[in-house]
Amino acid sequence: MTPVTMARKNRDFNPDSFLATIGDGRKMMAVPKRQTIFTQGDAADAVFYIRAGRVRLTVVSKAGKEATLGILNEQNFFGEGALAGQLVRMESAAAMADCVLLRIEKGAMMQALHREHSFSDMFVGYLLARNIRYEEDLVDHLFNSSEKRLARILLLLAHFGKEGVPEPVIPKVSQETLAQMIGTTRARVSFFMNRFRKLGFIHYNGGLQVHSSLLNVVLHD
């Protein structure tokens with residue numbers, strides 16, 4: 001099979017259809033908004049796939065300080081640490097909106113990855129993209145100001161720089177959550193959000209709308 005043929009096959013592969021037919025070890029779940037999916041310290045025995053909704057991943061330190069690791073949308077996986085020998089969950093997951101999730105037990109997921117090469121290729125690509133995102137987050141925290149970090153998070157939530165059309169309106173995310181994601185205070189987030197609005201980078205119209213001009217904050221030295 002040529003590289004072109006393989007690329008076309010991967011592009012045409014539909015993970016929703018495949019995941020719905022992998023047999024035993026999977027379960028569809030309806031999770032209402034604000035409900036916990038799993039908690040830090042729970043047994044890591046399954047992987048989850050988001051068919052609809054949004055999921056927030058958080059971690060709590062021994063001192064009780066909470067940090068938001070990420071916000072995931074449709075067609076995202078989470079809980080994949082179970083496949084790498086993780087015995088307990090290192091983070092908590094909760095629904096930010098009404099969700100439809102596919103829960104795939106570890107054994108079933110491993111069999112699916114071995115059996116379907118297109119699915120395996122897609123999943124590895126997803127993990128690599130997630131790893132790159134974590135590296136970018138680390139560099140962002142080490143070298144950029146909190147204002148730049150906030151601008152980058154807003155652009156990511158609006159899907160700027162990804163395939164497809166950017167989100168016209170970002171689903172509601174609290175300023176407290178944004179503060180946790182960029183490692184600053186809610187007061188600082190409020191200050192920067194007001195500044196972005198006055199400069200025309202964002203505006204509120206039935207939700208938060210992000211304009212491409214916000215890139216100026218990220219790119220400006």
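The values are calculated or read from the model by the stated rules, or taken from the named source; none is laboratory data. Keep in mind that this is a model prediction, so the values were computed, not measured. Virtual Cβ from ideal backbone geometry, glycine too; neighbours counted across all protein chains shown. Calculation scope for accessible area: heavy atoms of the full protein, side chains included, ligands and nucleic acids excluded. Shrake-Rupley method; radii C 1.70, N 1.55, O 1.52, S 1.80 Å.
Things worth noting here:
- Among [x] -0.51, -1.21; [y] -0.45, -1.07; [z] -0.45, -1.17, the entry that matches log10 I(q)/I(0) by the Debye sum over Cα atoms at q = 0.10, 0.16 Å⁻¹ as calculated here: [x]
- Relative to its residue count, the stretch 80-119 spans a Cα convex hull of 97 Å³ per residue.
- Rg and Dmax, both from the Cα atoms of the stretch 100-154 and both in Å, are 16.5, 46.
- Largest first, the three principal axis extents of the alpha carbons in the stretch 39-146 are 45, 29, 27 Å in whole numbers.
- Calculated FRET efficiency for the pair K198/L127, C-beta based, R₀ 35 Å, to 0.05: 0.30
- Here the peptides 107-116, 149-158, 26-35 are ranked by packing, the mean other Cβ count within 10 Å, and the order with the highest first is 149-158, 107-116, 26-35.
- Cα centroid separation, the stretch 181-199 to the stretch 41-68 (Å): 25
- For the chain, relative contact order (Cα pairs under 8 Å, six or more residues apart, normalised by length) works out to 20 percent.
- Structure note, pairs K106/K148; K62/K172; K65/K198; K65/K148: Cα-Cα distances above 27 angstrom occur for K106/K148; K62/K172; K65/K198.
- A simple spin-label model places the labels of L87 and E105 2.1 nm from each other, with each point 7 Å out along Cα-to-Cβ.
- Residue-wise HN-Hα coupling along the stretch 178-194, computed from phi with Karplus coefficients 6.51, -1.76, 1.60 (Hz; x: Gly, Pro): 4, 4, 5, 5, 10, x, 9, 9, 4, 4, 5, 4, 4, 4, 5, 5, 5
- Placing E135, E66 in order of accessible area, with the largest value first and a 1.4 Å probe, yields E135, E66.
- Ratio Rg/Rh [Cα only; Rh per Kirkwood] for the stretch 41-98: 0.98
- The helix-based estimate of mean residue ellipticity at 222 nm for the chain, built from -39,500 (n - 2.57) per DSSP H run of four or more residues and divided by its residue count, is -12500 deg cm²/dmol to the nearest 500.
- Computed label-point distance, nm, for sites S61 and N144 using a 7 Å Cα→Cβ extension: 2.2
- The Rg/Rh ratio for the stretch 72-202, using Cα coordinates for both the radius of gyration and the Kirkwood hydrodynamic radius, is 1.01.
- FRET efficiency, S190 to A52 (Cβ-Cβ, R0 35 Å, nearest 0.05): 0.70
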